[in-house]
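These notes concern the structure reproduced below.
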Amino acid sequence: MRTVAHLSDLHFGRHDETVAERLLADISEVQPDLVVVTGDLTQRARHRQFAAARAFLERFPMPIIVVPGNHDVPLYDVLERFIGRLARYRRYICTELQPFYADDEIALLGLNTARSATFTDGRISYRQAAALKAVFAEVPADRLRILAIHHPLGAPAGASDVALVGRAAMARNAVTGAGVRVVLSGHHHRALSGSLSGSELVAEGSILLVHAGTAISTRLRGEPNSYNLLRVEPTYVTCAVRAFSGNGFVVAGTANYLLLGGRWKRH
Ligand SMILES: [Fe+2]
Ligand SMILES: [Fe+2]
């Protein structure tokens, strides 16, 4: 069993310092095996915001996997935006835009879905889809395969108003083909989980979608700051949403999922 803390949408520059400190305290108590941050580390991709985000991330003692979000691409600096692209992100946070983590239970790949043009919803490229398949082809069959991206690949049943990443259908096929079972994402600042639904989809039920709320930013969408704490086994995932209560982070809801016959079922 592995525990993964899934954080997203930190938005340094529009963050709450108290919530950030409480989050660090909570993570140090929970002691996950891995921390994953699915993008939007900054509000406007400014140097000081990236510096603050980096200082925050450096305080996690465990392995950490990070991908950028649309807010990590500078909006106003035209040169940086169109030529440098993610230069600041790579300078302050991580040079690797396809970070990978593997141990003897899980394998997790991060992909960058943020684009330099005004694609708020981001995109997955055909090259990234090919890379996804190539990376996971090298992973032993018994590892639980996890993908981390900023923009959602799909919406769980009952979720409304979730804009999906560009080329989502193509990406879902690639994800399914690569044997990925869990997809972590952020972007819309609401915590949700569930299996991919839609009877027309070949991949129906085969991917567990986990969306994170905003961990520490003041850009709330009708729910408190939160992060997801996942306990993962090859065919069983417990997803606890730990939300900020005013004092600290507490469990606000838990969902269990069992993989049966190639499909995730709520358990
Ligand atoms: Fe965001
Ligand atoms: Fe975003």
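Every number here is computed from the coordinates shown, using simple stated rules; none is lab data. As the structure is a computational prediction, the values presented were derived from the model and not from experiment. Neighbour counts are summed over all protein chains in view; Cβ atoms, including those assigned to glycine, are modelled from backbone coordinates with ideal geometry.
Summary table
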quantity: Residues (more than 14 Å from ligand 1 (Cβ to nearest atom) and surrounded by 24 or more Cβ atoms within 10 Å (Cβ to Cβ)) located in segment 7-60; calculated: Leu23, Val36
quantity: Out of Ala20, Ala52, sole residue that is of a type in the set (A, V, I, L, M) and under 22 Å from Pro99 (Cα atoms); calculated: Ala52
quantity: Contacts under 6 angstrom Cβ, first residue in segment 35-57 being touching a residue at least 40 places away in the same chain (Cβ under 8 Å), partner within 16 Å of ligand 2 (Cβ to nearest atom) and among the hydroxyl-bearing types (Ser, Thr, Tyr), 6 or more apart; calculated: Thr38/Ser8; Thr38/Ser185; Phe50/Thr42; Ala53/Thr42
quantity: Where Arg190 falls short, out of the listed (1) surrounded by fewer than 24 Cβ atoms within 10 Å (Cβ to Cβ); (2) over 20 Å from His11 (Cα atoms); calculated: (2)
quantity: Number of the condition not met by Ala137 [criteria: (1) over 16 Å from the mean Cα position of the chain (by Cα); (2) buried (at least 21 other Cβ atoms within 10 Å of the Cβ); (3) under 21 Å from Glu105 (Cβ atoms)]; calculated: (2)
quantity: Answer from Thr235, Thr214, Thr176 - the residue that is within 27 Å of His15 (Cβ to Cβ) and hydroxyl-bearing (Ser, Thr, Tyr); calculated: Thr214
quantity: Segment 95-123, subset under 30 Å from Met1 (Cα atoms) and crowded, with 20+ Cβ neighbours inside 10 Å, residue nearest to ligand 1 (Cβ to nearest atom); calculated: Thr113
quantity: Residue count, segment 113-128 (criterion: more than 17 Å from Ser185 (Cβ to Cβ) and part of a loop (DSSP other than H, G, I, E, B)); calculated: 3
quantity: Flag if Ile216 is within 15 Å of ligand 2 (Cβ to nearest atom), more than 19 Å from Arg123 (Cα to Cα) and either of a type in the set (Val, Ile, Thr) or buried (at least 22 other Cβ atoms within 10 Å of the Cβ) (or both); calculated: yes
quantity: Subset of segment 23-40 (residues that are more than 16 Å from ligand 2 (Cβ to nearest atom) and β-branched (Val, Ile, Thr)); calculated: Ile27, Val30, Val35
quantity: Residue match in segment 227-238 (condition: over 15 Å from Asn256 (Cα atoms), within 16 Å of ligand 1 (Cβ to nearest atom) and touching a helix residue (DSSP H, G or I) at 6+ places or on another chain (Cβ under 6 Å)); calculated: no
